[in-house]
Amino acid sequence: MSTNVLSFSPEGAETPNLGEFIIHHLQDSHEWNLFGYHVHLPTFEPVYLFGIKFDLSITLHVVTMWFAGLFLVTVLGRLYRKPQLVPRGLAALVESIVLFVRDEIAVPNLGARYGKVFTPFLSTLFLFILTLNLMGLIPIFATATGNISVTASLALITFAMMNVYGIKENGFIGFYKNMVPHSVPFLMIPLLFFIEILGLFTKSFALAMRLFANMIAGHAVIFAFLGLIIVLGTVLVSVFAVPFAVFIHFLELLVAFIQAYIFTMLTSLFVGMAMHPEH
Amino acid sequence: MLKLEPGMIIWTWITFGVVLVLLKRFAWQPLLAMVEERENKIAESLRRADEARDQAEALLEEQQKRLAQAQDEIEAMLKESRAMAERTREEILAKAREDANRMLERAKADIERERQAALLSLKKEVADLVVTATGRLIGMNLDDEKHRRLIDEYIQEIGKAN
């Protein structure tokens with residue numbers, strides 16, 4: 001990405017490097033490009049707590065998340081202000097999603113009792129990630145789930161839940177003791193224990209990376225296709241580049257649903273595994 | 001790009017937490033309550049339908065039993081009445097036969113009695129006639145008493161021959 005690809009371009013002197021442009025676009029920013037108007041979002045002085053620097057500035061991704069949350073709360077709140085016994089339209093769709101989360105994701109992994117307890121959390125997680133993924137496909141918003149900090153914080157919730165509910169179900173000692181299968185030779189126990197503890201972290205890490213990478217990749221590919229027009233310096237490329245970009249965009253639509261599903265599914269699976277260890 | 005921003009993490013937690021709390025209060029609770037209500041209602045309806053079916057089946061069975069019972073009763077009654085009719089017929093016939101026989105007997109007896117009576121009077125008549133005739137034939141020389149005895153004997157013989 002260090003090569004200035006636009007050096008091949010006829011009037012390339014002023015245009016920025018394409019690779020940098022793509023990276024820049026995928027990153028969080030302090031201004032919001034609203035149809036060409038650059039809205040400057042408020043920045044705050046970083047707060048230092050326990051030696052960690054917390055920059056609580058309102059970035060574009062924060063705004064995107066707020067819009068997603070606002071959208072979900074207003075739409076769903078309005079929908080259920082007057083609950084109907086037999087839902088129609090959007091209510092039927094939302095209900096089928098929630099029932100899918102309850103019957104296909106929560107209950108099989110967490111059991112009947114905890115499955116019902118976790119359904120609101122998992123439904124919110126699914127719809128929140130899905131809305132953020134889909135908003136990433138709308139040009140005026142940014143892809144918040146393409147920010148590793150966002151996905152990491154969601155994965156950290158999963159990590160916390162794995163430990164909290166694992167300990168709650170099995171007891172503090174029981175939870176960590178049950179990580180090692182009982183039939184293992186004595187000498188292997190420390191090694192396996194280490195691996196299993198590491199597994200707690202890698203599960204969460206993979207969760208964060210998977211969502212982040214999937215969201216970034218599609219956007220990068222779209223920009224790369226469209227960037228070909230600039231790199232090769234001819235409009236004729238758009239005959240191939242634009243259809244491919246549109247195709248990738250549709251693929252992204254699919255990926256948005258799949259990744260939201262996978263994140264929710266794995267969260268419930270990991271928490272379920274922590275709660276009911278194999279013996 | 002892979003650098004974790006603590007501020008961003010905090011914002012995500014806050015946003016997600018607020019969304020979770022609000023959605024839980026304003027969407028999931030009403031939705032899940034409604035779903036549960038509907039599930040209960042469906043289960044209740046199914047249970048009621050089962051009950052109604054069981055009842056209907058029991059009723060049908062009972063009706064069929066009753067119908068069969070009624071059929072049996074009808075058959076028994078028919079059989080009984082048929083037997084009774086047969087018996088009555090036999091009785092009537094027997095009685096008629098007996099009556100006829102009795103009447104025949106009586107008629108025969110009457111006839112016999114009449115015949116005896118007629119025979120008796122005929123004998124008497126014949127005897128008188130014979131007495132008169134022979135009296136005329138033989139004339140006065142005939143001892144009335146003696147001849148009458150003779151003729152009577154004779155008539156007796158005739159009567160026996162008859």
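The values are calculated or read from the model by the stated rules, or taken from the named source; none is laboratory data. Note that this is a predicted model, so its numbers are computed, not measured. Cβ: placed from backbone, ideal geometry, glycine included. Neighbour counts: every protein chain shown. Areas reflect the complete protein model, heavy atoms only, side chains present, ligands, DNA and RNA absent. Shrake-Rupley method; radii C 1.70, N 1.55, O 1.52, S 1.80 Å.
Summed over qualifying helices (DSSP H, 4 residues or more, each -39500 (n - 2.57)) and divided by its residue number, chain A shows a 222 nm mean residue ellipticity of -22500 deg cm²/dmol.
Positive contributions from Lys and Arg (+1) and negative ones from Asp and Glu (-1), summed over other residues with Cβ under 12 Å from the Cβ of A:Ser57, come out at -4.
For the stretch A:87-129, what Kirkwood radius comes out of the mean inverse Cα-Cα distance, in Å?
Details: mean 1/r = 0.0970 Å⁻¹.
It is 10.3 Å.
Using the 1.4 Å probe convention, the accessible area of chain A works out to 54 Å² per residue with neighbouring protein chains retained. Taking label positions 7 Å along the Cα-Cβ direction at both B:Glu90 and A:Ala92, the computed distance is 8.0 nm, reported to one decimal. Per-residue 3J(HN,Hα) values for the stretch B:21-32, derived from phi via the Karplus relation 6.51 cos²θ - 1.76 cosθ + 1.60 with θ = phi - 60°, read 5, 5, 5, 4, 6, 9, 10, 5, 4, x, 5, 5 Hz in sequence order (x marks Gly and Pro).
Beyond 31 Å in Cα-Cα separation lie the following of the pairs A:Lys168/A:Lys203; A:Lys82/A:Lys168; A:Lys177/B:Lys3: A:Lys82/A:Lys168; A:Lys177/B:Lys3. Protein-only accessible surface at a 1.4 angstrom probe places the residues A:Ser238, A:Ser153 in the order A:Ser238, A:Ser153, largest first. Of the three principal axes defined by the Cα atoms of chain B, the extents in descending order read 193, 25, 17 Å.
Taking each residue in A:38-49, count the Cβ atoms of any other chain within 10 Å of its Cβ, then average. What number comes out? Walk me through the numbers before you get to the answer.
On the way: counts 0, 0, 0, 0, 0, 0, 1, 0, 2, 3, 0, 2.
Average per residue, whole number: 1.
Springs join every pair of Cα atoms under 10 Å in this Gaussian network model of chain A, and among A:Ala245, A:Ala106, A:Ala92 the largest mean-square fluctuation is at A:Ala92. Take chain A, drop everything but the C-alpha atoms, weight them equally and run the Debye formula without solvent; then report log10 I(q)/I(0) at 0.09, 0.17 Å⁻¹ to two decimals. Calculated log10 I(q)/I(0) at the listed q: -0.58, -1.36.
For chain A, the residue among A:Ile140, A:Ile167, A:Ile258 whose Cα projects farthest onto the positive side of the dipole built from Cβ charges is A:Ile167.
When only the heavy atoms of the protein chains count and the probe is 1.4 Å, how do B:Tyr154, A:Tyr261 rank by accessible area, highest first?
On the way: B:Tyr154 135, A:Tyr261 85 Å².
Result of the area sort, largest leading: B:Tyr154, A:Tyr261.
Note on B:Thr132: accessible area approximately 70 square angstrom, rounded to 10, probe 1.4 Å, nucleic acids and ligands left out.
With a cut-off of 8 Å between alpha carbons and a minimum separation of six or more residues, what is the relative contact order of chain A in percent? Intermediate results must be reported in sequence, preceding the final value.
Working: 310 pairs, mean separation 63.5, N = 279.
The value is 23 percent.
When the charge dipole of the stretch A:22-86 is built from unit charges on Cβ atoms (+1 for Lys and Arg, -1 for Asp and Glu) and taken about the Cα centre, the candidate among A:Leu79, A:Ala68, A:Ile22 whose Cα reaches farthest toward its positive end is A:Leu79. Annotation for A:Val184 and A:Val39: the two label points, set 7 Å from Cα along the Cα-Cβ direction, are 5.2 nm apart.
If you take the accessible area of A alone plus B alone and subtract the pair, what total do you get in square angstrom, rounded to 100, with a 1.4 Å probe? Intermediate values should be presented prior to the final figure.
Numbers: alone 16740 and 15340 Å², together 28430 Å².
So the buried area, both faces added, is about 3700 Å².
So what is Rg over Rh here for the stretch A:172-279, counting just Cα atoms and using Kirkwood for Rh? Kindly include the intermediate steps, with their values, before the conclusion.
On the way: Rg = 22.1 Å, Rh = 17.3 Å.
Reported Rg/Rh (Cα atoms, Kirkwood Rh): 1.28.
Of all the options A:Phe194, A:Phe67, A:Phe225, the one that moves most in a Gaussian network model of chain A with Cα springs shorter than 10 angstrom is A:Phe194. The charge dipole of the protein assembly as shown, taken about its Cα centre with unit charges on the Cβ atoms of Lys, Arg (+1), Asp and Glu (-1) only, comes to about 480 debye. Ordered by 1.4 Å accessible area with all protein chains kept, A:Ile167, A:Ile22, A:Ile173 run largest first as A:Ile173, A:Ile167, A:Ile22.
Counting Cβ atoms of other protein chains within 10 Å of each Cβ in A:256-269 and taking the mean gives 0. Rolling a 1.4 Å probe over the protein chains gives B:Arg53 an accessible area of about 130 Å². Among B:Thr15, A:Thr158, A:Gly227, pick out the residue whose Cα is farthest towards the positive end of the charge dipole of the protein assembly as shown, where Lys and Arg carry +1 and Asp and Glu carry -1 on C-beta, about the Cα centre. Comparing the listed Cα positions along the dipole, B:Thr15 ranks first. Rounded to the nearest 20, the Cβ-based charge dipole of the stretch B:49-161 about its Cα centre (Lys and Arg +1, Asp and Glu -1) stands at 1320 debye. Note on chain B: helix-only mean residue ellipticity at 222 nm, from DSSP H runs of 4+ residues weighted -39500 (n - 2.57) and normalised by residue number, equals -33500 deg cm²/dmol.
The heavy atoms of A:Lys116 present about 110 square angstrom of accessible area, all protein chains included, probe 1.4 Å. In chain A, the longest principal axis of the Cα atoms and the axis of helix A:148-170 are about 0 degrees apart.
Ellipsoid semi-axes for the stretch A:70-177, based on the Cα gyration tensor and the rule √(5λ), read 29, 22, 10 Å when sorted largest first. Among the protein heavy atoms of the protein assembly as shown, carbon and sulfur supply 66% of the accessible surface, probe 1.4 Å, non-protein parts ignored.
Local charge for A:Ala112 was computed over the other residues whose Cβ lies under 14 Å away, with Lys and Arg +1 and Asp and Glu -1, and equals -1.
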